[in-house]
1. Quick one: length gained pulling R82 to S101 fully straight, 0.36 nm per residue minus the C-alpha distance?
2. Relative contact order for the chain: what percent, with Cα pairs under 8 Å and sequence separation of 6 or more?
3. Rounded to the nearest 0.05, what FRET efficiency do T227 and A54 give with R0 = 30 Å and r taken as the Cβ-Cβ distance? Could you check?
4. Using only helices, what value at 222 nm comes out for the chain when you add -39,500 (n - 2.57) per DSSP H run of length 4 or more and divide by the total residues, to the nearest 500 deg cm²/dmol?
5. Equivalent ellipsoid semi-axes for the range 94-230, as square roots of 5 times the alpha carbon gyration tensor eigenvalues: give them largest first, rounded to whole Å.
6. Taking the Cα atoms of the range 152-199, what is the range of coordinates along each of the three principal axes, in descending order and whole Å?
7. Give the Kirkwood hydrodynamic radius (Å, one decimal) of the range 176-230, defined as one over the mean of 1/r across all pairs of different Cα atoms.
8. Extension gain D117-L165, at 0.36 nm per residue separation less the Cα-Cα distance, in nm?
Amino acid sequence: MSWRDFWNGEHSIYVSPRHKALHYHAIASDVIAHVPAPDAVVLDHGCGEALDAARVASACGRLYLCEAAPTVRDKLRAQFGRKVNITVVSPEEVEALPEASLDLVVANSLVQYLSRDELKALLETWRSKLRPGGKLVIADVIPPDVSPLTDASQLLGFAWRGGFLMAALAGLIRTAFSDYRKLRAQYGLSTYTPDAISELIGEAGFADLQRPANFGHNPHRMTFKATKPT
Ligand SMILES: C[S@@+](CC[C@H](N)C(=O)[O-])C[C@H]1O[C@@H](n2cnc3c(N)ncnc32)[C@H](O)[C@@H]1O
C-alpha cells in the first residue's frame, strides 16, 4: 500500500465525525483568512474531503478543489457538484488550467506525503498557474524534530477543547495498529527545516516569504506564504 492507496481507501485519521467536522471548519477559516479579495480565484491543492468548502467558496470568486484520490473526488462532487463556483479537479486537470489564472494556492497537510522532487514539480506548476502578485500558502509542514508523540498530544489537546476526548483516545489506539502507522514507519513523512523549504520555495521563483500562524490545531508544524513576483 502507498500513501495514494491509503487516502483513496477507508481510513480513520479522523477519530469521529465531530473531529472531522471541527477539523474542516478550522481549515476553511484558515483558508478564508488568506483569500485576497471576494472575486479571487483559489486553488486548494490536496483538499481532502473539504467538508466546509462551501464557506470558502462564499468568500471567493471561484474555488478549485484538487484531490489525487478518485474516491475523495467522487465525495467532493457529490457534496459540491451543484455549487456553481466550486470545481473539483484532479492533479492532471490543475496542470491544464490556464497560466496566470489563480490568485491564491493553498496546500494544507500535503507536502509531507510528497517526495522532494514531487514538491519541486508542484511548486513549478503553482508558480505558472498563479497570476503575478498571486500568493502561495503551504501549511502544516512538519519540521524534522517533531515526533509522532507531539502530534498525538496536540490531537488530545484539540479533542479536549472540542469535546471528543474519548474518541481521540480510542482513535490513537486504532492508529497505533493501523495502515497509517505502518506507512509512516515504511515510507516516512517528508519533513523540512524552515531553511530547507524556504530555499525550495525561493528556487521555484517565489519572493517575499512569510511565516504566518500554522493552519489547524498543531502549532509545532509550520506555514509558509510567498508571492509570485510581478
Ligand atoms: C492529510 S490529507 C489533507 C487534506 C486537507 N488538505 C486537510 O487539510 O484536511 C492529504 C490529502 O492530499 C491528497 N493528495 C496526496 N497527494 C496529492 C497530490 N499530489 N495532489 C493532490 N492531492 C494529493 C490525499 O489524497 C489526501 O486527501
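All of the numbers you see were taken from the coordinates with simple rules; none came from a lab. In this text the structure is predicted, and so the values were computed from the model without any measurement. Cβ sites come from the backbone with ideal geometry, for glycine too, and all protein chains shown count toward neighbours.
1. Details: separation 19, 0.36 × 19 = 6.84 nm, distance 2.26 nm.
Roughly 4.6 nm would be gained on extension.
2. Details: 374 pairs, mean separation 52.7, N = 230.
Relative contact order of the chain: 23 percent.
3. Numbers: r = 28 Å, r/R0 = 0.92.
Efficiency, from the Cβ-Cβ distance: 0.60.
4. Working: 10 runs with 104 residues, N = 230.
Taking each H run of at least 4 residues, the total per residue is -13500 deg cm²/dmol.
5. Numbers: eigenvalues 193, 51, 38 Å².
Sorted largest first and rounded, they come to 31, 16, 14 Å.
6. 41, 26, 10
7. On the way: mean 1/r = 0.0746 Å⁻¹.
This gives a value of 13.4 Å.
8. Working: separation 48, 0.36 × 48 = 17.28 nm, distance 3.79 nm.
Net length gain for the segment: 13.5 nm.
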